[in-house]
Every structure is written in structure tokens, then in C-alpha cells.
Amino acid sequence: MKLQYQSIKDNSNLVLTNFNCGPSQGLLKDKDLYKILWCKDAPMRIMVDGYEINLVPNQIVFCTPLNIISIPQQEGLLAVVFNREFYCIREHDAEVSCNGFLFFGSSDVPVITLSEEDQKSFESMFFILQEEFQTKDNIQGEMLRVMLKRLLIKSSRLIKDRLPVSDIPNTQLDLVRKYHVLVEQHFKSMHKVADYADLLFKSPKTLSNLFKKLGDKSPLKVINERIILEAKRLLLYSDMSAEEIAYELGYSEPAHFSKFFKTQVGIPPGVFKKTSNVE
């Protein structure tokens with residue numbers, strides 16, 4: 001199944017698919033698409049950036065255009081795929097507050113497990129979304145955009161509701177979200193928590209205490225994991241050398257990058273590239 005809305009005028013694109021046909025599988029190679037993957041009926045194993053993710057029924061995964069994904073052709077998956085022209089996550093951040101919660105470049109892609117009540121809500125949204133694909137008129141794109149926005153808002157709420165601490169003020173949640181967004185924007189040039197603390201007008205200790213309160217990984221670990229993820233992507237999916245990758249990621253000395261990589265991963269970049277199997 002592949003239901004698609006496209007606008008030649010603004011190059012916007014929205015697709016509802018189960019990835020069970022060749023054309024829909026081709027979407028996985030498009031580097032401009034956000035993907036919301038709903039494992040509905042049966043356990044499924046997908047690959048994201050070379051990592052295996054085992055999904056059980058009624059789990060939803062959120063992937064950015066940066067994530068490199070492999071999905072088997074089997075029954076039980078439903079996905080919404082869209083580009084920035086259809087709905088720009090960054091520009092509409094004030095509307096849905098999902099950037100930094102649902103979508104960021106980490107290998108720890110967000111996964112939501114739906115309750116029975118949530119399942120009914122998502123079934124309803126996907127049903128209406130599918131209906132709208134059949135209605136060809138001059139407001140079809142706007143109606144589809146409204147449904148996508150509703151899906152994103154609902155998902156953002158579920159992510160927040162499942163945090164270990166339930167009484168965190170929205171201002172603090174927003175601070176964590178903004179931190180993730182800033183790391184995504186600047187991880188190649190800013191490697192220290194203090195750099196991001198300055199941008200947020202907070203002290204590094206304030207950020208560390210907040211992340212600890214949420215039961216989340218430390219702010220420094222967020223930065224380090226993002227750098228390592230990009231390094232692995234470039235090692236596995238590009239022809240760049242380890243030295244070139246070091247400069248790309250903001251290291252003036254390749255030896256410093258190699259030492260950092262080995263500390264984080266356990267093996268040097270060259271060994272990782274030679275020994276990793278990518279599907």
C-alpha cells in the first residue's frame with residue numbers, strides 16, 4: 001500500500017504506507033523524509049543506523065531524515081512519511097513541541113508503547129488520514145496537514161506522560177527539549193556542555209541536575225552519543241576516511257577523535273569500519 005499526496009507547487013510530500021511494495025521501500029532511501037512507524041500486528045525487527053530495534057505490536061518509532069533505516073517487507077506495519085516542505089518540524093515547533101522529543105538525530109530513536117485507549121485513538125487518526133487521501137480537492141493538503149499535526153501532538157503528549165517523573169514543570173521539559181535541539185544543530189562544533197548552557201542562559205550544573213531529575217542520560221552523554229552516531233554513519237555509509245571524519249566533526253587533531261571514538265566504542269574507527277556488517 002502506498003497512498004501519496006504531492007504538491008508540485010511547493011514540493012510537499014506525504015505518504016501513508018506499509019512498506020510492502022517496491023515503490024514504498026524506495027522511500028527508505030530518500031534522505032529528506034521524516035518517518036513515523038507503527039508496528040501494529042506482529043513483532044518486527046528493523047535496522048536504524050546499523051542498530052537492531054525489535055518492536056512488539058503497538059509500538060511507534062519516530063525517525064528523522066538523518067536516520068538510515070531498513071524495514072523488512074512483512075505484514076503488520078503502518079507508516080506516515082513526510083518531508084519538510086509538507087510540515088517543517090522546526091518552523092512549527094511552537095505548535096506541536098515535538099522537535100527534541102520525537103525527532104532528533106540520536107540512535108536512541110523514540111519508541112512509544114500504546115495502551116489500549118491510545119490504540120483506539122491512533123486507529124481513529126490513521127483511519128481519517130486514509131480517508132483524506134481519497135478526497136481530491138483544493139484543501140486536501142491542508143486537511144492532511146491538520147491530521148499529521150494532531151498525530152504529532154498526541155505523540156508528544158504520550159512521550160511526556162511516560163517520563164519517570166510526572167511533576168516536572170513544562171518550562172523544565174522545554175529546557176531539555178531545547179537542549180536536544182541545540183545539540184542536533186551544533187554537535188559538530190560544540191563538544192562541551194558549557195557551550196550549550198551558555199546558549200540556554202543556564203549553568204552546566206543546572207542542566208546536569210535537571211537531566212538527573214528526569215532519569216535521563218547526562219547532558220555530556222547526549223553530546224558524545226550524537227558525535228559517535230554521526231561518526232558511525234559516516235564510517236559505514238560514506239567513503240570518508242577516519243581523518244576526514246575527524247575534521248568533519250570538529251576535531252583539529254585526528255588523533256584526538258580516534259582516542260575519543262575508541263573510549264566511547266571500545267575499538268578504533270578503522271577497526272569499527274572493517275568489522276561492522278551493514279544490511
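The values are calculated or read from the model by the stated rules, or taken from the named source; none is laboratory data. If you're wondering where the values come from, they're calculated on a predicted model, not measured in any experiment. When we count neighbours, we look across all protein chains shown, and the Cβ atoms used for this are built from the backbone with ideal geometry, even at glycine. These area figures cover heavy atoms from the full protein model, side chains too; ligands, DNA and RNA do not enter into them. Shrake-Rupley method; radii C 1.70, N 1.55, O 1.52, S 1.80 Å.
Looking at (1) at pLDDT below 90; (2) closer than 24 Å to MET125 by Cα, can you tell me which one PHE86 breaks?
Exception for PHE86: condition (1).
Select from region 37-52 the residues that are among the β-branched types (Val, Ile, Thr) and crowded, with 20+ Cβ neighbours inside 10 Å and list them in ascending order. Lay out the reasoning, then the answer.
Initially, region 37-52 is screened for residues among the β-branched types (Val, Ile, Thr), giving 46, 48.
Passing the criteria: only ILE46.
Any idea which of (1) at pLDDT 90 or above; (2) closer than 30 Å to SER156 by Cα; (3) open to solvent by less than 80 Å² (accessible area, probe 1.4 Å); (4) part of a helix (DSSP H, G or I) is the one HIS191 doesn't satisfy?
Of (1) at pLDDT 90 or above; (2) closer than 30 Å to SER156 by Cα; (3) open to solvent by less than 80 Å² (accessible area, probe 1.4 Å); (4) part of a helix (DSSP H, G or I), only one is false for HIS191: (4).
Cβ-Cβ below 9 Å, separation at least six or inter-chain, first residue in region 38-62 and within 17 Å of LYS232 (Cα to Cα), second open to solvent by 30 Å² or more (accessible area, probe 1.4 Å) and among the aromatic types (Phe, Trp, Tyr): which pairs?
Short answer, once both residue conditions are applied: ASP49/TYR237; GLY50/TYR237.
Report yes if some residue within region 148-155 is surrounded by 14 or more Cβ atoms within 10 Å (Cβ to Cβ), modelled with pLDDT of 90 or more, farther than 26 Å from ARG84 by Cβ and not acidic (Asp, Glu); otherwise report no.
no
I need the full set of residues from region 246-279 which are among the charged types (D, E, K, R) and not in a helix (DSSP H, G or I), in order please.
If the condition is that a residue be among the charged types (D, E, K, R) and not in a helix (DSSP H, G or I), then GLU253, GLU279 are the ones that fit.
Condition check: open to solvent by less than 60 Å² (accessible area, probe 1.4 Å), out of contact with any Cys (no Cβ under 9 Å at 6 or more places or on another chain), of a type in the set (Lys, Arg) and without any contact (Cβ under 8 Å) to a residue 12 or more places away in the chain. Does LYS221 satisfy that?
Taking the combined requirement at face value, the residue does not satisfy it.
Here are the criteria: (1) touching a residue at least 24 places away in the same chain (Cβ under 8 Å); (2) open to solvent by less than 60 Å² (accessible area, probe 1.4 Å). Tell me which single one LYS160 does not satisfy.
It is condition (2) that LYS160 fails.
Sort out which residues of region 1-36 are among the hydrophobic types (A, V, I, L, M, F, W, C), assigned to a loop (DSSP other than H, G, I, E, B) and open to solvent by less than 40 Å² (accessible area, probe 1.4 Å), and write them in order of number. Spell out the reasoning first.
Restricting attention to region 1-36, the residues satisfying the condition of being among the hydrophobic types (A, V, I, L, M, F, W, C) are 1, 3, 8, 14-16, 19, 21, 27-28, 33, 36.
Still in the list and also assigned to a loop (DSSP other than H, G, I, E, B): 1, 8, 19, 21.
Of everything in region 1-36, those that are among the hydrophobic types (A, V, I, L, M, F, W, C), assigned to a loop (DSSP other than H, G, I, E, B) and open to solvent by less than 40 Å² (accessible area, probe 1.4 Å) turn out to be PHE19, CYS21.
Output the residues belonging to region 56-86 that are touching a Phe, Trp or Tyr at 6+ places or on another chain (Cβ under 9 Å) and in a strand (DSSP E or B).
Residues satisfying the conditions are GLN59, ILE60, VAL61, PHE62, CYS63, LEU77, LEU78, ALA79, VAL80, VAL81, PHE82, ASN83.
Which ones in region 119-147 are open to solvent by 50 Å² or more (accessible area, probe 1.4 Å) and closer than 23 Å to GLU91 by Cα?
Passing the criteria: ILE139, GLU142, MET143, VAL146.
Being surrounded by fewer than 17 Cβ atoms within 10 Å (Cβ to Cβ) and not acidic (Asp, Glu) narrows it down to one residue among LEU234, LEU199; which is it?
On the way: LEU234 fails: surrounded by fewer than 17 Cβ atoms within 10 Å (Cβ to Cβ).
So the residue among LEU234, LEU199 that is surrounded by fewer than 17 Cβ atoms within 10 Å (Cβ to Cβ) and not acidic (Asp, Glu) is LEU199.
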